[in-house]
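The values are calculated or read from the model by the stated rules, or taken from the named source; none is laboratory data. If you're wondering where the values come from, they're calculated on a predicted model, not measured in any experiment. Every residue, glycine as well, gets a Cβ built from its backbone with ideal geometry; the counts of neighbours run over all protein chains shown.
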Amino acid sequence: MVNLNQIVAVVDDDESVRRAIKRLLHSAGIRADTFASGDEFLSMLSSIPSYRPACVILDIQMPGTNGPEIWRRLASTGVPVIFITEHDDLAVREMAVASGAAYLLKPFDDTIFIEAVEMALGGTPSP
C-alpha cells in the first residue's frame with residue numbers, strides 16, 4: 001500500500017505527457033506535481049528546501065537540464081527515480097539499471113508504470 005501523503009514529481013517537457021501521467025497517477029490514488037523542465041524542478045528544490053518528493057519521474061531528453069543530470073544531482077538524497085523516454089539510449093539505460101532506477105520507454109503500459117511507481121514509493125504493487 002502506498003502512503004497517500006507522498007508526492008511524485010513528474011519532470012517532462014511535453015505538456016500532454018505531464019498531464020497524462022498526472023491523471024494516471026491520480027487514478028491510482030497517487031499525488032503528483034508536474035514540472036515543464038529540469039530547471040523548473042531544480043528551482044523548486046532550491047527555493048523550497050522542505051519540498052522533497054517521494055519519487056521523481058524524469059524524461060531523459062529535455063532542453064536545459066536533462067533527466068540524467070537531475071538524477072546525478074539527486075543521487076545523494078536517495079529519492080527513487082523512474083526514467084521515461086521515447087528514444088532508447090543504451091548508456092543511460094545501463095546507468096539507470098545499475099543505479100536501481102526504473103527505465104521505461106514511451107509509450108509505456110499504464111499497469112507497468114503504476115507498478116514501478118508503487119515499488120519506488122516502497123509500497124506493494126496493486127493486484
### Single match in V81, V97, V92 (criterion: buried (at least 21 other Cβ atoms within 10 Å of the Cβ) and either in contact with a strand residue (DSSP E or B) (Cβ under 9 Å, 6 or more places away or on another chain) or among the small types (G, A, S) (or both))
V81
### Query
Given the structure, is G38 among the small types (G, A, S) and under 21 Å from G122 (Cα atoms)?
no
### Residues that are among the β-branched types (V, I, T) and in contact with a Ser or Thr (Cβ under 6 Å, 6 or more places away or on another chain), drawn from segment 8-41
V10
### Message
I'd like the full set of residues that are over 12 Å from the mean Cα position of the chain (by Cα) and among the acidic types (D, E), limited to segment 23-40.
### Response
D39, E40
#### Entry: Residue, surrounded by the most Cβ atoms within 10 Å (Cβ to Cβ), within segment 4-39, restricted to residues that are assigned to a loop (DSSP other than H, G, I, E, B) and of a type in the set (D, E)
D12
### Query
So which of S126, S46, S50 ends up being among the polar types (S, T, N, Q), at pLDDT below 90 and either more than 15 Å from V10 (Cβ to Cβ) or under 15 Å from the mean Cα position of the chain (by Cα) (or both)?
S126
### Task
Evaluate segment 55-69: report whether one residue or more is outside any loop (DSSP other than H, G, I, E, B), crowded, with 21+ Cβ neighbours inside 10 Å, within 13 Å of the chain's Cα centre (by Cα) and among the acidic types (D, E).
yes
#### Entry: Candidate set: segment 71-127, residues that are outside any helix (DSSP H, G or I) and aromatic (F, W, Y); chosen: the one farthest from R23 (Cα to Cα)
Y103
